[in-house]
Structure formats: structure tokens, C-alpha cells
1. Hey, among the residues in segment 53-73 that are part of a strand (DSSP E or B) and within 21 Å of Pro135 (Cβ to Cβ), which one's nearest to the chain's Cα centre (by Cα)?
2. Please enumerate the residues belonging to segment 146-171 that are small (Gly, Ala, Ser) and within 16 Å of Asp233 (Cβ to Cβ).
3. Out of segment 80-95, which residues are farther than 19 Å from Leu131 by Cβ and under 12 Å from the mean Cα position of the chain (by Cα)?
4. Looking only at segment 107-140, count how many residues are in a loop (DSSP other than H, G, I, E, B), within 12 Å of the chain's Cα centre (by Cα) and of a type outside the set (A, V, I, L, M, F, W, C).
5. Which numbered condition in (1) surrounded by fewer than 19 Cβ atoms within 10 Å (Cβ to Cβ); (2) assigned to a helix (DSSP H, G or I) is the only one that Thr222 fails?
6. I want to confirm something. Restricting to segment 227-256 and keeping residues that are surrounded by 15 or more Cβ atoms within 10 Å (Cβ to Cβ) and of a type in the set (D, E, K, R), which single residue is nearest to the chain's Cα centre (by Cα)?
7. Looking at (1) farther than 19 Å from Pro230 by Cβ; (2) without any contact (Cβ under 8 Å) to a residue 24 or more places away in the chain; (3) part of a helix (DSSP H, G or I), can you tell me which one Met104 breaks?
8. Does Asp80 count as touching a strand residue (DSSP E or B) at 6+ places or on another chain (Cβ under 8 Å), within 15 Å of Val251 (Cα to Cα) and in contact (Cβ under 8 Å) with a residue 12 or more places away in the chain?
Amino acid sequence: MRRTEISRRQLLRGGGAAAVALPVAGFLAGCSFTQPGGGQPAGSTLDQIKKQGFARIAIANEPPYTQIKPDGTVTGAEPDVVAAVLKRMGIPEIQGVVTPYESMIPGLNANRWDIIAAGLFMKQSRCSQILYSEPEIVSTESFAVPAGNPKNLTSVAAVKADPAVKVAVLPGGFEDGALKTQNVPAAQIVNIPDGRSGIEAVQAGRADAFFLPTLSLNSLKTDGIDITPPIQDVQQTGSGAGFRKADTDLVNAYDEQLRALKASPEFDQILSKWGFSADAARGVTRDQLCAVAG
């Protein structure tokens with residue numbers, strides 16, 4: 001296996017793409033931190049990524065869904081699944097671009113990346129804008145709260161019942177949409193830029209809770225913070241890879257190889273490594289998750 005060594009200075013330097021070929025969970029993965037530009041080369045996206053040997057993927061660097069390792073490797077549950085599927089399609093590398101959730105769909109449709117591989121949960125509004133693969137991960141949602149959960153926040157309804165309660169969310173994330181769909185007033189929603197900032201907002205008293213997937217909160221847990229059981233008045237959530245509406249040939253080819261991966265032990269190994277249930281992902285369909293309100 002060839003390993004390409006790239007210095008931190010090269011990664012931070014503007015201009016051309018810098019791919020890192022490193023072993024990740026048994027397959028090759030690449031990472032690019034270039035400034036993504038618009039414009040799509042001639043030919044379909046499927047033809048282009050096969051020709052160039054890599055796909056650009058949007059990620060959020062939110063473990064366990066997505067993660068950039070210190071050596072620059074792109075990993076996490078969704079990128080690992082996407083890379084395994086693409087490898088089966090004859091595409092050996094991925095190049096990750098870290099971007100906010102609210103920018104993922106606009107950036108995809110502006111041709112800044114080829115695929116969204118960030119645990120961007122399916123729901124009606126997103127499924128109207130992009131195409132998704134069949135589900136790759138299924139998740140639950142929880143609150144991070146001060147130890148002992150002094151305000152007894154176990155549901156969105158409990159948040160609405162107390163106008164003084166404030167909940168931190170990532171703008172454009174599923175949780176942000178879930179609160180707005182249930183008509184939680186904007187004055188109760190605190191926008192934060194990343195997961196660690198959400199925990200710090202709770203610790204500092206700027207928010208009474210931080211709303212995020214259960215596994216993400218578990219990875220951020222620290223002294224003085226409790227993680228609630230899964231919130232029951234939020235619909236089941238899950239994600240697949242996201243594609244442009246025009247890329248039907250890519251979606252069809254991807255789904256074919258995703259079905260083969262999901263039928264293999266490799267799928268279980270990838271998801272169990274990150275704390276997800278492979279059977280849960282096999283137990284729902286794209287249509288079911290795209291019917292989630294929001």
C-alpha cells in the first residue's frame with residue numbers, strides 16, 4: 001500500500017488539492033482541505049469520480065458520525081461506510097471538506113463536493129432538495145444537562161413548558177429543525193458553532209441543555225454533565241449519503257453496492273466500531289426516514 005506523506009504546511013497552503021492516502025478500517029481514504037470551488041467538469045459525477053479515483057465528501061468533524069484524525073485521515077461512521085461503498089465501485093479514495101451543517105446542501109448543489117457523508121439526517125425538507133442513499137446509520141437524540149438534570153428536561157415538551165429554559169443547538173442541524181418543527185420559541189434556542197461549545201454553554205449556564213445525537217453527546221461527556229436517555233417525542237432519525245438531484249446514476253450505482261455491503265459482516269464491523277447498530281440501519285428505509293417532519 002502506497003502512503004503519501006504531506007506536511008502540515010502543505011495541508012494549510014492554499015491552492016491545489018492535497019490527498020492523503022492512509023488505511024482506514026481496511027480501505028483507503030484521502031483527505032483534502034483545499035478551498036472547494038464551484039463548477040462541475042464535463043460528464044456525469046459518477047464518470048468524473050471514477051476517472052479521478054476519488055470523491056469529495058462534506059463532513060462535519062462530529063464524532064462518531066465524522067472525524068478528522070490528527071494525521072489528517074477522514075473517518076467516522078458515515079465516511080467509513082461511504083469509503084467502503086465507493087471502494088466496491090472502484091473509487092479508492094475520499095477527500096473530506098469540513099463544513100457547517102447548514103452549508104452542506106447548498107455546497108453540494110453548487111458542486112463544491114460530490115457527496116454529503118456527515119450523518120445529515122433525512123427529513124422532508126432535505127429529501128426535497130437532494131437525493132439520499134438508503135439508510136447507513138440510525139440514531140437517537142438526547143440532552144446534555146447539568147449533573148442531576150435539575151430542570152428535569154427529558155423531552156421537547158418539557159422545554160416548551162418552561163419559557164425560561166434555553167437549549168443549545170448546531171444551526172441547521174436536525175435538532176435545530178426538531179425544536180422549530182415543534183414550535184419552540186426562537187428565544188429559547190441558543191446557536192453554538194460546535195459540540196464542545198455546546199457543552200461549555202451548559203457548564204457556563206448560557207444554556208440549560210445541549211441537544212444532539214446521543215452518541216455524539218457520549219463522546220463529549222465530561223465531569224458535571226449528564227446525558228439524558230433518548231428523547232421520546234422526537235422522531236427516529238437516520239442518514240445516508242447525500243447526492244445532487246441530477247446524479248441518479250451515481251445514486252443507483254451507490255445503492256447497489258451499499259446493499260451488498262449491508263449484507264456483509266464488514267457493515268456490522270464498521271458500525272459497531274462507532275457504537276451504531278447495523279440491524280437498526282437495515283430495519284428502516286429511505287422512504288420512512290424521508291417522511292420525518294421538518
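The values are calculated or read from the model by the stated rules, or taken from the named source; none is laboratory data. Everything quoted here is computed from the prediction, not taken from an experiment. Here Cβ is always computed from backbone atoms with ideal geometry, including for glycine, and neighbour counts include all displayed protein chains.
1. The initial filter retains those residues of segment 53-73 that are part of a strand (DSSP E or B), namely 54-59, 67-68.
Still in the list and also within 21 Å of Pro135 (Cβ to Cβ): 55, 57-59, 67.
Details: Ala55: 16, Ile57: 11, Ala58: 8, Ile59: 6, Gln67: 9 Å.
Applying the filter and picking the extreme gives Ile59.
2. Narrowing segment 146-171 to residues small (Gly, Ala, Ser): 147-148, 155, 157-158, 161, 164, 168.
Within segment 146-171, Ser155, Ala157, Ala158, Ala161 qualify.
3. The answer is Asp80, and nothing else.
4. In the first step, residues of segment 107-140 are kept if they are in a loop (DSSP other than H, G, I, E, B); the result is 110-114, 117-123, 128-130, 133-136, 140.
In the following step, the residues that additionally are within 12 Å of the chain's Cα centre (by Cα) were identified as 117-122, 136.
From what is left, the residues that are of a type outside the set (A, V, I, L, M, F, W, C) are 119, 136.
Number of matching residues: 2.
5. Among (1) surrounded by fewer than 19 Cβ atoms within 10 Å (Cβ to Cβ); (2) assigned to a helix (DSSP H, G or I), the lone unmet condition for Thr222 is (2).
6. Arg244
7. Tallying (1) farther than 19 Å from Pro230 by Cβ; (2) without any contact (Cβ under 8 Å) to a residue 24 or more places away in the chain; (3) part of a helix (DSSP H, G or I), Met104 fails exactly one: (2).
8. On the way: touching a strand residue (DSSP E or B) at 6+ places or on another chain (Cβ under 8 Å): yes; within 15 Å of Val251 (Cα to Cα): no; in contact (Cβ under 8 Å) with a residue 12 or more places away in the chain: yes.
So Asp80 fails the test.
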